[in-house]
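Below you'll find the structure, written out as structure tokens, and then a few comments.
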Amino acid sequence: MYQIRRATMSDTNLMYNLINKYADEGKLLHRTLNSIYENLQCFYIAESNGEVIGTVSLHILDKELAEVRSLTVSSNHFGMGIGSELVKVVVDETKKLGVKTLLSLTYQVEFFNKCGFKSIEKSSLPMPKIWRDCLHCSKYSNCDEIAMVIDVF
Ligand SMILES: CC(C)(COP(=O)(O)OP(=O)(O)OC[C@H]1O[C@@H](n2cnc3c(N)ncnc32)[C@H](O)[C@@H]1OP(=O)(O)O)[C@@H](O)C(=O)NCCC(=O)NCCS
């Protein structure tokens, strides 16, 4: 059994470990502990028996566009629906906030397709806002992530 809830400060070390384990594998961007602290109110976690088994954050980019960031599920909990439930939580939050479109920059195309996202050309996105957080990524100059979006209303 697990529950999805907003993250709190006591979750941050476990969140950091989970996110950066996948970041080391090149699957998403690294987060510093400080960036997790500063954006704590944007994070939800999945928790089971006091352990953080999933993370997701919602980052607003402009009036009509928000981004799913730092989506993780611990590997021994893959395939249980936790990832898609974390995405649903941020889709619902995006809708509540009145932001029309949710973006993911990802390699997990099939997973996001199943969550209702569609691939789009990166050139149609407001690049400066998106790339600001990519400046420290080793793939910056030749990013091969796929841009996928869902309109939430
Ligand atoms: C991507 C990730 C979050 C998926 O989490 P999950 O909890 O295993 O996903 P779910 O169980 O909710 O899967 C939902 C559906 O997507 C499918 N799916 C999940 N991961 C998949 C993958 N890598 N490739 C193809 N299909 C996938 C599942 O089979 C399931 O399909 P179904 O509804 O037909 O049964 C998880 O694999 C992960 O943390 N990966 C490493 C970090 C990462 O890549 N994060 C994404 C950054 S954008």
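Bear in mind that the values in this text are calculations on the coordinates, not laboratory data. What you see is a predicted model, and the numbers here were worked out from it, not measured in a lab. Positions of Cβ are generated from backbone atoms using ideal geometry, with glycine treated the same way; all protein chains shown enter the neighbour counts.
Brief remarks follow.
- Multiplying the residue separation of residue 92 and residue 119 by 0.36 nm and subtracting their alpha-carbon distance yields 7.7 nm.
- Label zone at residue 131 (point 7 Å along Cα-to-Cβ), backbone N below 13 Å, region 104-125: 122-125
- GNM flexibility winner over the chain from 23, 46, 66 (Cα, springs under 10 Å): 23
- Remark: the residue 75-residue 10 segment gains 21.2 nm on full extension, using 0.36 nm per residue and subtracting the alpha carbon distance.
- The relative contact order of region 9-153, computed from alpha carbon pairs under 8 Å that lie at least 6 residues apart in sequence, is 20 percent.
- Rounded Å value of the spacing that divides the Cα centres of region 77-137 and region 2-45: 16 Å
- Using the rule -39500 (n - 2.57) for each DSSP H run of four or more residues, divided by the residues of the chain, the 222 nm mean residue ellipticity is -8500 deg cm²/dmol.
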